[in-house]
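We did not get these values from a lab; they are worked out from the coordinates using the rules stated. Being a predicted model, the structure only gives us computed values, none of them experimental. We place every Cβ from the backbone using ideal geometry, glycine too, and count neighbours over all the protein chains shown.
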Amino acid sequence: MSTLGFNEILKRLEYFCAYQERCEFDVNEKIIKLGVTSPEENDKFLRLLKKENFLNQERFVSSYINGKVSIKKWGVNKIRLGLTQKKVSPSLIETGLSQIDKEVYLNNLAVLLSKKAVNLPEYKTNFTQKTKVLRFLSGKGYTAEEIYGLLSV
């Protein structure tokens, strides 16, 4: 059991959740770090945080996806993987991914493609250059269909 009291742990968790959007997985990890070992107490903290709207999975998914698309310029594959690692339900992930602004998403892909192509040295074959661009964009999480759609234009 933790040396901290119930109210002190709750206060720390509220601050943790208020600082930025968190998922249940992250909050669960934090509860364990604070020394709570009982699953019943763990669930009690999660219920209280949800009740007070400090913890909301839908809001977390939306915030996560918006940040990864607009700031990091990630593709859907990498975003899906990140959310899966956070133990977010597949239905919530798919709902969130369907909310992505396609214009912004495709613009990100085009910007990444042009930046990568410009920074590559000249190769003997165009195939080598396309392979390097494809590998880079795949690493960013874009699907092969999206990449080939843009490369063929």
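Tell me, in nm to one decimal, what length is gained between Ser114 and Ala144 on full extension, where the rule is 0.36 nm per residue of separation less the Cα-Cα distance? Don't skip to the end; give the middle numbers.
On the way: separation 30, 0.36 × 30 = 10.80 nm, distance 1.66 nm.
Fully extending the segment from Ser114 to Ala144 adds 9.1 nm.
Picking from Ile93, Leu112, Asn53, whose Cα lies most toward the positive end of the charge dipole for the chain (charges on Cβ: Lys, Arg +1; Asp, Glu -1)?
Highest projection toward the positive end goes to Leu112.
I want the local charge near Lys72. Using Cβ-Cβ distances under 9 Å, sum +1 for each Lys or Arg and -1 for each Asp or Glu among the other residues. Could the numbers behind the result be given before it?
Numbers: positive: Lys68, Lys73, Lys78, Lys140; negative: none.
Combined, the nearby Lys, Arg, Asp and Glu give +4.
Tell me which GluC sites (Glu not before Pro) from segment 59-137 have a DSSP coil assignment and no more than 15 other beta carbons within 10 Å of their own. List each step's numbers first, then the result.
Numbers: sites: Glu94, Glu103, Glu122; in loops: Glu122.
Within segment 59-137, the qualifying GluC sites (Glu not before Pro) (loop, at most 15 other Cβ atoms within 10 Å) are Glu122.
Roughly how compact is the chain, stated as its Cα Rg over 2.2 N^0.38 Å to two decimals?
Values: Rg = 20.5 Å, N = 153, 2.2 N^0.38 = 14.9 Å.
Dividing the Cα radius of gyration by 2.2 N^0.38 Å gives 1.38.
How big is the charge dipole of segment 15-110 about its Cα centre, in debye rounded to the nearest 20, if each Lys and Arg gets +1 on its Cβ and each Asp and Glu gets -1 on its Cβ? Intermediate values should be presented prior to the final figure.
Details: 16 positive and 12 negative charges, 52 e Å.
Roughly 240 debye, rounded to the nearest 20.
Determine the shape class of segment 6-51: with a ≥ b ≥ c the square roots of the Cα gyration tensor eigenvalues, call it rounded for a/c under 1.5, and otherwise prolate if a/b is greater than b/c, oblate otherwise. Working shown, then result.
Working: a/c = 1.41, a/b = 1.36, b/c = 1.04.
Rounded.
Roughly how many Å is it from the Cα centre of segment 96-147 to that of segment 52-94, as a whole number?
21
Once you place label points 7 Å from the Cα toward the Cβ at Arg12 and Lys50, how far apart are they in nm?
Between Arg12 and Lys50, the label points sit 2.3 nm apart.
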